[in-house]
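For reference, the structure is listed below as structure tokens.
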Amino acid sequence: MPTVATTTSVDSSLDPVGPIEGSDLPDFSTAAYKDAYSRINAIVIEGEQEAHDNYMSLGTLLPDQAEELARLARMELKHMKGFTACGNNLGVTADMPFAQEFFSPLRNNFQAALKEGKVVTCLLIQALLIEAFAISAYHIYIPVADPFARKITEGVVKDEYTHLNYGQEWLKAHLEESRAELEQANRDNLPHVRRMLDRVAADAAVLHMEKEDLIEDFLIAYQDALTDIGFTPREIARMAAAALVG
């Protein structure tokens, strides 16, 4: 649960304040905001930690790419530290048990695929689904974030495109031999993302992040990645439908 302590940033212009008159920003000082933020902040912290672990694990399946994957992993740890500072700046303790359970379906599927040596499934989960999920959330959050968190998140989202691009490029280069596994991995995992978006909707709304915007931005990022990999619009429409029937 959130604490009531406050943290002052080095730059006083980034300190948390109430909403600016006439703006659409939430009041960052309310108990309701801090309660919702304790879970949202935990989700992004846990997401970055799991991304680090996933990229390091992928390095064991792709030893020729291990150095690059380790570089991506280090970036995720930097993001995690930044988002931890965001919570501290608002005097909020992240609800990490909630976040760890929140990611468990995708984590379990990633670990199962890792044990079976399924590089394609692991890449779809981490480098496409999770990265597209993060990018969409950060895009929608930045306009309504407190000044300190906005500065942190703007830097993070640029890096996430690098991670998404890594997955796109590898899968594009191996599309023909990967197509069947990609489609199956999509069917197995896209419904989990839909349920994750549903589950976070109420807390996101307190932060002035609308569920419809999150879903739209996620689908744009994910479908753009599938297009770049080489799937046709008809194939992508069929893959996206998995979120509705799963």
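Observations, loosely collected:
- For the chain, the 222 nm mean residue ellipticity estimated from helices alone, with every DSSP H stretch of n ≥ 4 adding -39500 (n - 2.57) and the total spread over all residues, rounds to -24500 deg cm²/dmol.
- Per residue, the chain exposes 45 Å² of solvent-accessible protein surface, assessed with a 1.4 angstrom probe and all protein chains in place.
- Cα gyration tensor shape for region 132-246, rounded if a/c is under 1.5, else prolate or oblate: oblate
- Here is the size of the chain from its Cα atoms: Rg then Dmax, 18.1, 56 Å.
- Crossing angle, helix 147-173 versus the chain [Cα axis fit, 0-90 degrees, rounded to tens]: 0
- Rounded tilt (10° steps) of 211-229 against the dominant C-alpha axis of the chain: 30
- Carbon/sulfur fraction of accessible area - region 31-244, other protein chains in place, 1.4 Å, %: 56
- Remark: for residue pairs 34/158; 81/158; 81/172; 78/172, the C-alpha separation exceeds 24 Å in 34/158; 81/172; 78/172.
- For region 125-194, a/c is not less than 1.5, where a ≥ b ≥ c are the root eigenvalues of the C-alpha gyration tensor, and a/b does not top b/c. That puts it in the oblate class.
- The angle between the Cα long axis of helix 131-141 and the main principal axis of the chain comes to about 20°, on a 0 to 90 degree scale.
The values are calculated or read from the model by the stated rules, or taken from the named source; none is laboratory data. Here the structure is a predicted model, which is why all the values come from computation and not from measurement. These accessible areas exclude ligands, DNA and RNA; they are computed on the full protein's heavy atoms, side chains included. Shrake-Rupley method; radii C 1.70, N 1.55, O 1.52, S 1.80 Å.
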